[in-house]
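Inspection log for the structure reproduced underneath, given as structure tokens.
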Amino acid sequence: MKGLKKIALATAIAAAPFAANAGMKALDDVAMGNVTGQAGVTIELETKVDIGEFRYIDEGYLSVTNISLGGGTVQRDANGNVTGVSGLLDDLLINIDIEADGDAVIDVHSISGQPIDYAMAIGSVSLNSVDGSGDSTLLATNIGIEGQLGQLNIRVDTATDTLITNVGFNVTQMDMDIDFLGVNVRGMRVMGANFFEEVAASGQPTTAAGLFAFATITMGKATSVATGNEALGISIPNFAADIAIDAIEIGGASIGSIQMDNLVVSNTNMVIYGH
């Protein structure tokens, strides 16, 4: 897209390297005092994550195969099938602090000062039986997502026992085949709420509100209204974005494009529990 550096997503920001036990030594009191007296911990990270298959198992199971998370662009073969991503998820600087009130604060941003590229490729998503029938439904294939992460701040708040996440991101290119409906999505973008207005005025997004969709997500313990039992509560007080899809294909031919200007999701509360 003109004026945009094609870059992409961020979910793998939460990864950190593991140290081998053989290389660890006990710290004496003086050394421990020096560690605890520091202002916090900073991690510089680059990584690429590949997962052959992820399964969510209930009675049958949901299968997600050939997952790749990194940076750069989504790679495809001559038939358009996703094969992975071209680069590393890098340029990551992670600051971790414990404040005086006990709150844990994690701030993720780039070393360069530029938005962080991310790319994700998924081979297939399917529903599968285990009752011997062999029944399955192929939900989607060849999912490719590229975008940018502009902001990620995470706080564990000790006063409210909640996890609070502030994130600013975009999706500059998303394609997928929705196999069980026979529908393909081409060129989907999720941008800031001022995106269409700024593109109309100058041909490209010119502010953070044009480039990134922002959201605050709060997670904590909640009580189910239906059962009265303890549950996971998720709150999204506000999310605003502009969304565009270049083409919706049915039978291999485009039936048109879609735009949603100033999509706003507000005062959203979810309570999640098992049954």
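Laboratory data are not the source of any read-out in this text; all were calculated from the coordinates shown. This one's a predicted model, so the numbers in the text were calculated from it and none came from an experiment. Reconstructed Cβ throughout: ideal geometry from the backbone, glycine too, with neighbour counts over all protein chains shown.
Structure above, values below:
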item: Global geometry of region 129-170, whether rounded, prolate or oblate, following the gyration tensor of its Cα atoms and the 1.5 cut on a/c; result: oblate
item: Theoretical FRET efficiency, 1/(1+(r/R0)^6), r = Cβ-Cβ of F180 and L232, R0 25 Å, to 0.05; result: 0.30
item: Global form of region 139-275, assessed from the alpha-carbon gyration tensor, a/c cut-off 1.5; result: oblate
item: Extreme residue, positive dipole direction of region 47-272, given options M260, V190, A222 (C-beta unit charges); result: M260
item: Calculated on alpha-carbon atoms, Rg and Dmax of region 54-137 in Å; result: 19.3, 58
item: With at most 12 neighbouring Cβ atoms within 10 Å, loop trypsin sites (Lys or Arg not before Pro) (DSSP) excluded, longest segment of the chain; result: 26-275
item: Amide N proximity, region 211-244 versus T268 label position 7 Å along Cα-to-Cβ, cut-off under 18 Å; result: 212-220, 232-244
item: Additional length obtainable on full extension of the chain from L163 to E59, 0.36 nm per residue less Cα span; result: 34.4 nm
item: Rough spin-label spacing in nm, given labels placed 7 Å along Cα→Cβ, for A247 and S112; result: 3.0 nm
item: Exposure proxy ranking, count of Cβ atoms within 10 Å, fewest first, for D103, D131; result: D131, D103
item: Order of D97, D175, D117 under a 10 Å beta carbon neighbour criterion, fewest first; result: D97, D175, D117
item: Rg over Rh [alpha-carbon atoms, Kirkwood Rh] for the chain; result: 1.01
